[in-house]
Amino acid sequence: MRQSRSLVGALALLAVAGCATPRGSAETAGAEPGLAIRNVRIFDGERVIPEGTVVVRGGKIVAVGADVSPPEGAEILDGQGQTLLPGLVDAHFHADGPDAYRASLALGITTVIDMFAELSAGAARLSVAELPRRGVDEADSIMGLLITSPGGHGTEYPGVTVLTASTPQECEKAVDAAVAAGSRYIKLVYDAGETVLPKTIPTLDREVLVACIQAAHAHNRLAVVHALPGQRAHEAVEAGADGLAHCITDTMPETALVRRMAERKVFLIPTLAVAFSVAHQGHVEVLKADPLLGPYLTPSSLRLMAVQFPPEFGAGLRPDVMRQSTRMMLEAGVPVLAGSDAGNPGVAAGATLHYELEMLVSAGLTPVQALAAATALPARAFQLADRGRIAPGLRADLVLVRGDPTVDVRQTRDILAVWKEGRRLDRDAWRARLEATRSSK
């Protein structure tokens, strides 16, 4: 699976103090009236408010709750029969083309966690330094640099320079370089391709992995580890990993591993959709045929979706284990995050995250847990204190959908409106642009 590596990173966290308006209180005198979405079901990232009002002003949420009244002069949007969600977070992403960030925002994904940003920079024809500063019509990028072994996973992409390490000393230098470049977290490859590739490739050895994790922690950076085999995942957690970038693919995890992850709140990003794609059980035709998702597939996504993993790939993947191990970790209290691993064959920026939510429910999450996996939980895991929930003082990254995704998670696809920092995206114009592109070919 393609890792996303990222050199730069840093979207500075916005301070959230001093912006909150008490529940039900009026706007302050002289302030802009803002927007009020009323009579709407609210999933605030953690809980469901059956009916309430959310008030937005100056790009921030200023009030939320069942007892909130719209301020005088505010634009009023009636949400009867609809659900307001926090902007979605894709916890494992790689740009698949120049429009990947726009495609994500159009489908309600306001933030992506970019796990191999130099690849994304090439796909988007941008310098790495430009990646964090996305426009108002694109999802934000939160990035971390990848470190791998010479010749290991991540080094196979032509024209891409990857940080590598063979010794603990080299690892410390690589982490220093990543942090100096602005990396928000460190992505580490501890996987020789045992379950995916037809032959093994080099990877970090255990001593170097430990040194990399310690160096990341010395810089107050998270260490996220790509380790698909169960034994490697166990060793990564014992070495101090803060998160696993994919589900375990070959064998059910040991109880001791699950307990350790739950105790330390080591998060899991299952990326079931791409794992099933590698196992030749993909979802391409499902996405293309979906009237709520298909029209938002970009030309780059469509080209990549037409590519299949080679038939010899994925021989060691066990789909039943992927689902069952995810459920086992969830039940033990391990934070489970939603990530698409967009940028891979058979996967689409934006659309696949919605399919991933459905797959997480099939693995045992409730719809509410799946929604939390794409909102509050990844924001908390990646220390994004200004987003992921609908609460006073936070960014007004919002998605309004028809129906009730807290009962049927597929309703996240039926999007009526998307706001990033309080500014509403013109989804109709974006869809028309894509339709014009397709019709011209």
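What number goes with the only condition from (1) free of Cβ contacts under 8 Å to residues at least 40 places away in the same chain; (2) not hydrophobic (A, V, I, L, M, F, W, C); (3) not in a loop (DSSP other than H, G, I, E, B) that Gly240 does not pass?
Unmet for Gly240, out of (1) free of Cβ contacts under 8 Å to residues at least 40 places away in the same chain; (2) not hydrophobic (A, V, I, L, M, F, W, C); (3) not in a loop (DSSP other than H, G, I, E, B): (3).
Only one of Ala236, Ala241, Ala256, Ala245 is hydrophobic (A, V, I, L, M, F, W, C) and at pLDDT below 95. Can you tell me which?
The match here is Ala256.
Give the stretch 213-237 a look and list any residue that's at negative phi and outside any helix (DSSP H, G or I), or say none.
Matches in the stretch 213-237: His219, Arg221, Leu222, Ala223, Val224, Val225, His226, Ala227, Leu228, Pro229.
Quickly run through the stretch 118-155 and pick out the residues that are small (Gly, Ala, Ser) and under 22 Å from Ser166 (Cα atoms).
Across the stretch 118-155, the qualifying residues are Gly144, Ser149, Gly151, Gly152, Gly154.
So which residues in the stretch 354-406 are of a type in the set (D, E, K, R) and surrounded by fewer than 18 Cβ atoms within 10 Å (Cβ to Cβ)?
Result: Arg402, Asp404.
Quick check on my filter: what residues within the stretch 304-325 are part of a helix (DSSP H, G or I), in contact with a Gly (Cβ under 9 Å, 6 or more places away or on another chain) and free of Cβ contacts under 8 Å to residues at least 60 places away in the same chain?
Result: Met305, Arg323.
Here is a yes/no grid of residues against (1) at pLDDT 95 or above; (2) in a loop (DSSP other than H, G, I, E, B); (3) charged (D, E, K, R):
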| residue | (1), (2), (3) |
| --- | --- |
| Arg327 | yes, no, yes |
| Glu331 | yes, no, yes |
| Ser340 | yes, yes, no |
| Asn344 | no, yes, no |
| Ala348 | yes, yes, no |
| Thr352 | yes, no, no |
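Picking from Thr271, Thr203, Thr255, which residue would you name as being under 22 Å from Gln324 (Cα atoms), among the hydroxyl-bearing types (Ser, Thr, Tyr) and over 18 Å from the mean Cα position of the chain (by Cα)?
Thr255
Looking at (1) surrounded by fewer than 18 Cβ atoms within 10 Å (Cβ to Cβ); (2) in contact with a Gly (Cβ under 6 Å, 6 or more places away or on another chain); (3) within 30 Å of Asp414 (Cβ to Cβ), which is the only condition Gly135 fails?
Of everything listed in (1) surrounded by fewer than 18 Cβ atoms within 10 Å (Cβ to Cβ); (2) in contact with a Gly (Cβ under 6 Å, 6 or more places away or on another chain); (3) within 30 Å of Asp414 (Cβ to Cβ), Gly135 misses just condition (2).
Take the conditions farther than 24 Å from Ile109 by Cβ, hydroxyl-bearing (Ser, Thr, Tyr) and free of Cβ contacts under 8 Å to residues at least 12 places away in the same chain and apply them to Thr155. Does it pass?
The answer is yes for Thr155.
Taking the stretch 407-425, which residues are surrounded by fewer than 20 Cβ atoms within 10 Å (Cβ to Cβ) and in contact (Cβ under 8 Å) with a residue 12 or more places away in the chain?
Matches in the stretch 407-425: Val407, Asp408, Arg410, Asp414, Leu416, Ala417, Glu421, Gly422, Arg423.
Would you mind stating whether Gly151 is assigned by TED's automatic domain parsing to the domain that holds Leu228, more than 17 Å from the chain's Cα centre (by Cα), over 25 Å from His217 (Cβ atoms) and surrounded by fewer than 21 Cβ atoms within 10 Å (Cβ to Cβ)?
yes
Do we find a residue being outside the structural domain of Ser120 (by TED's automatic domain parsing), among the charged types (D, E, K, R), over 18 Å from Phe267 (Cβ atoms) and in contact (Cβ under 8 Å) with a residue 24 or more places away in the chain anywhere in the stretch 344-361?
No, the stretch 344-361 has no match at all.
Would you mind stating whether Val407 is among the β-branched types (Val, Ile, Thr), over 30 Å from Ala256 (Cβ atoms) and either touching a strand residue (DSSP E or B) at 6+ places or on another chain (Cβ under 8 Å) or part of a helix (DSSP H, G or I) (or both)?
Taking the combined requirement at face value, the residue does not satisfy it.
The values are calculated or read from the model by the stated rules, or taken from the named source; none is laboratory data. No experiment lies behind these values; they were computed from the predicted model shown. Positions of Cβ are generated from backbone atoms using ideal geometry, with glycine treated the same way; all protein chains shown enter the neighbour counts.
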